[in-house]
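Let me begin by presenting the structure, written as structure tokens, before commenting on it.
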Amino acid sequence: MHKLSLKEARRKLWRGETTSELLTENVFQQIQAHEPVVQAYLSIYREQALAQAKAADERLKKGDTDGAPLLGLPLALKDNLNLAGTETTCASKILKGYISRYTATAVQKLLDAGAVITGKLNLDEFAMGSSTENSALQKTTNPWDKERVPGGSSGGAAAAVAADECFGSLGSDTGGSIRQPAAFCGIVGLKPTYGLVSRYGLVAFGSSLDQIGPLTKTVEDAALLLNVIAGYDEKDSTSVNRPPEDYTADLNSDIAGKRLAVIKELSGEGIDAGVRQAIEKMLDKLREQGAVIETVALPSFKYALAAYYLVATSEASANLARFDGVRFGHRNKSARGTLEMFKRSRAEGFGPEVKRRIMLGTYALSAGYYDAYYLKAQKVRTLIRQDYARAFAKYDAVLSPTSPSVAFKFGAKVNDPLSMYLSDIATIPVNLAGLPGISVPCGLENKLPVGLQIATPEFTERKLLQIAAAAERSSGFERMHL
Ligand code: GLN
């Protein structure tokens with residue numbers, strides 16, 4: 001049963017063909033069998049999950065499923081999401097042993113919807129990276145090929161879903177961290193519009209870019225989870241107050257006449273030939289369904305990576321100032337004096353990539369350089385938004401590969417930050433503009449999955465999911481099962 005999609009598992013459960021306890025037990029058997037290699041989980045909540053499952057079964061027996069669309073379904077969380085009473089590490093030594101005092105709004109919504117939480121998943125330290133190799137705690141492998149990375153930073157969240165070690169997970173996406181690992185692991189990853197899902201309780205990285213979103217086996221499952229986690233939250237000042245929508249509503253509508261544009265800057269040089277071919281085949285299938293496909297130039301995209309690494313590192317340097325050895329996590333005990341304690345706690349607690357980013361961000365925000373770097377990057381961000389706005393005046397959606405390559409081998413990029421940063425060249429502009437974006441598996445290259453990225457105007461997730469579902473239906477892509 002662990003191989004079922006979330007929707008299929010729900011159907012079986014609600015028809016009384018299985019119980020939540022059995023489903024959950026199945027998932028834990030799968031975890032036990034494959035975690036020694038996959039290593040997606042940083043913590044596993046076996047007892048608590050089985051207790052939640054039993055409680056769900058009691059409710060199901062009484063037919064009490066109102067307001068609980070995820071009743072009895074096992075899901076997992078990226079370990080930068082707070083769940084009261086559990087360890088939240090962000091895969092960093094500085095937070096090892098830190099116990100959350102409160103629960104993230106998106107996580108609370110899963111609980112309120114009846115979900116069973118199986119555990120917390122590995123990530124690049126503080127969500128900084130594209131391969132999960134920056135985790136200070138463990139090495140997650142790609143279920144398609146254990147010599148390769150699962151992508152990042154939500155590498156554990158993607159690998160666990162691909163390995164059928166949960167029916168879906170929540171990740172966070174600052175510059176591609178949901179979509180790129182989803183692409184590498186052959187699953188669906190959705191980054192919602194900035195402001196649609198509350199960030200309250202997500203450990204902040206780049207606050208103007210971060211969004212929580214689902215990683216799932218199917219597009220429909222992503223819509224089901226978005227239905228639960230979307231919505232206004234007074235605890236997040238950037239949360240947007242809009243009427244609720246049913247994101248599953250248009251999934252079966254055909255896409256004849258939809259106008260789609262392939263991004264010129266993301267379809268040539270810099271994109272692996274095999275990835276380009278898989279995307280081309282997918283485009284043909286969308287054409288067969290009546291979509292009109294053209295090419296659009298988004299000239300400001302060439303500045304996106306540079307702008308992102310100024311904005312994201314600047315915000316990170318401010319956000320990570322709170323980890324000072326006083327309020328959270330690790331403290332150096334032998335330091336004499338407060339300043340030395342700050343310095344030593346941070347020096348010991350943070351890994352090299354996190355330190356690099358704090359230094360870059362602090363530099364970009366410093367008095368003499370703010371105008372030249374941070375302010376300039378914010379202006380580039382406006383140009384990118386304008387590029388998208390021009391495209392959306394003519395097209396329903398813009399398309400590109402999710403990442404320039406398929407999953408790469410361990411060690412291939414970890415000593416070359418720039419080449420690692422380039423694996424998010426296609427996903428980053430979407431965050432800079434605050435748009436919704438999704439990665440859908442569209443084919444294989446060298447026996448490894450390729451993701452198609454679709455982006456639409458802000459708050460048009462229904463249309464985004466409609467196009468994604470059409471791509472999924474015609475792709476012929478099959479998930480692997482361990
Ligand atoms: N890989 C990008 C980075 O390292 C994106 C990370 C993310 O989306 N959290 O910043």
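Observations on the structure shown:
- Solvent-accessible area of segment 44-147 (1.4 angstrom probe, protein heavy atoms only): carbon and sulfur portion equals 48 percent.
- Surface share of carbon and sulfur [accessible, 1.4 angstrom probe, percent] for segment 258-403: 56 percent
- In this view, the solvent-accessible surface of ILE44, computed with a 1.4 Å probe and all protein chains in place, comes to about 80 Å².
- From phi via Karplus (6.51, -1.76, 1.60), per-residue ³J(HN,Hα) for segment 307-315 in Hz, x at Gly/Pro: 4, 4, 6, 8, 5, 5, 6, 4, 5
- Subtracting the Cα-Cα distance of ARG356 and ALA321 from their residue separation scaled by 0.36 nm leaves 11.2 nm.
- Cα shape, segment 208-320, gyration tensor, a/c 1.5 rule: oblate
- Solvent-accessible surface of segment 269-314, taken per residue with a 1.4 Å probe and all protein chains present: 47 Å².
- Stretched out straight at 0.36 nm per residue, the stretch from ASP284 to GLN138 would grow longer than its current Cα-Cα span by 48.5 nm.
- From helices alone, the chain scores -11500 deg cm²/dmol at 222 nm; the rule is -39500 (n - 2.57) for each run of n ≥ 4 DSSP H residues, then divide by the residue total.
- Ordering of 285-295, 170-180, 150-160, 305-315 by packing is 150-160, 170-180, 305-315, 285-295, highest average first (other Cβ atoms within 10 Å, averaged per residue).
- In terms of its C-alpha gyration tensor, segment 353-472 has an oblate overall shape, because the principal axis ratio a/c (a ≥ b ≥ c, square roots of the eigenvalues) is not below 1.5 and a/b does not outweigh b/c.
- Under the shape rule built on the C-alpha gyration tensor, where the axes satisfy a ≥ b ≥ c, segment 73-167 is oblate, since a/c reaches at least 1.5 while a/b does not exceed b/c.
- Straight-distance crosslink candidates among aspartates and glutamates, where the alpha carbon sits under 16 Å from LYS343 and sequence neighbours closer than 8 are dropped: ASP324
- Table column - 3J(HN,Hα) (Hz), segment 457-463, Karplus curve with 6.51, -1.76, 1.60, x for Gly and Pro: x, 4, 6, 10, 4, 4, 5
- Heavy-atom accessible area, probed at 1.4 angstrom with all protein chains present, ranks ARG148, ARG259 as ARG259, ARG148, highest first.
- For a modelled paramagnetic label at LYS264, 7 Å from Cα along Cα-to-Cβ, the residues of segment 296-329 in reach, with backbone nitrogen under 19 Å, are 296-305.
- Most simply put, the chain has about 70% antiparallel DSSP beta bridges, counting only bridges with both residues inside it.
- Solvent exposure ordering (accessible area, 1.4 Å, most first) of TYR194, TYR421, TYR363: TYR363, TYR194, TYR421
- Karplus 3J(HN,Hα) series, Hz, for segment 147-158 with 6.51 cos²θ - 1.76 cosθ + 1.60 (x for Gly, Pro): 7, 10, 6, x, x, x, 7, 7, x, x, 5, 7
- Were the residues from ASP66 through LYS54 laid out at 0.36 nm apart, the gain over their Cα-Cα distance would be 2.6 nm.
- Given LYS12/LYS139; LYS120/LYS447; LYS258/LYS285, the pairs whose alpha carbons are separated by over 24 Å: LYS12/LYS139; LYS120/LYS447
- Options LEU298, ILE358, SER345, ranked by Cα towards positive dipole end of segment 288-370, top entry (Cβ charges): SER345
- Paramagnetic label reach from GLU348 (point 7 Å along Cα→Cβ; backbone nitrogen cut-off under 13 Å): within segment 75-107, residues 93-96.
- Cβ-based charge dipole, the chain, positive-most Cα from SER208, THR456, THR218: SER208
- Heavy-atom accessible area for GLU245, with the other protein chains in place and a 1.4 Å probe, reaches approximately 60 Å².
- With a Förster radius of 25 Å applied to the beta-carbon distance between SER474 and SER253, the computed FRET efficiency rounds to 0.95.
The values are calculated or read from the model by the stated rules, or taken from the named source; none is laboratory data. Just so it is clear, the model here is predicted, and its values are computed rather than measured. Using ideal geometry, Cβ is built from the backbone for each residue, glycine included, and neighbour counts are taken over all protein chains shown. In case anyone asks, the SASA skips ligands and DNA or RNA and just uses the protein heavy atoms, side chains included. Shrake-Rupley method; radii C 1.70, N 1.55, O 1.52, S 1.80 Å.
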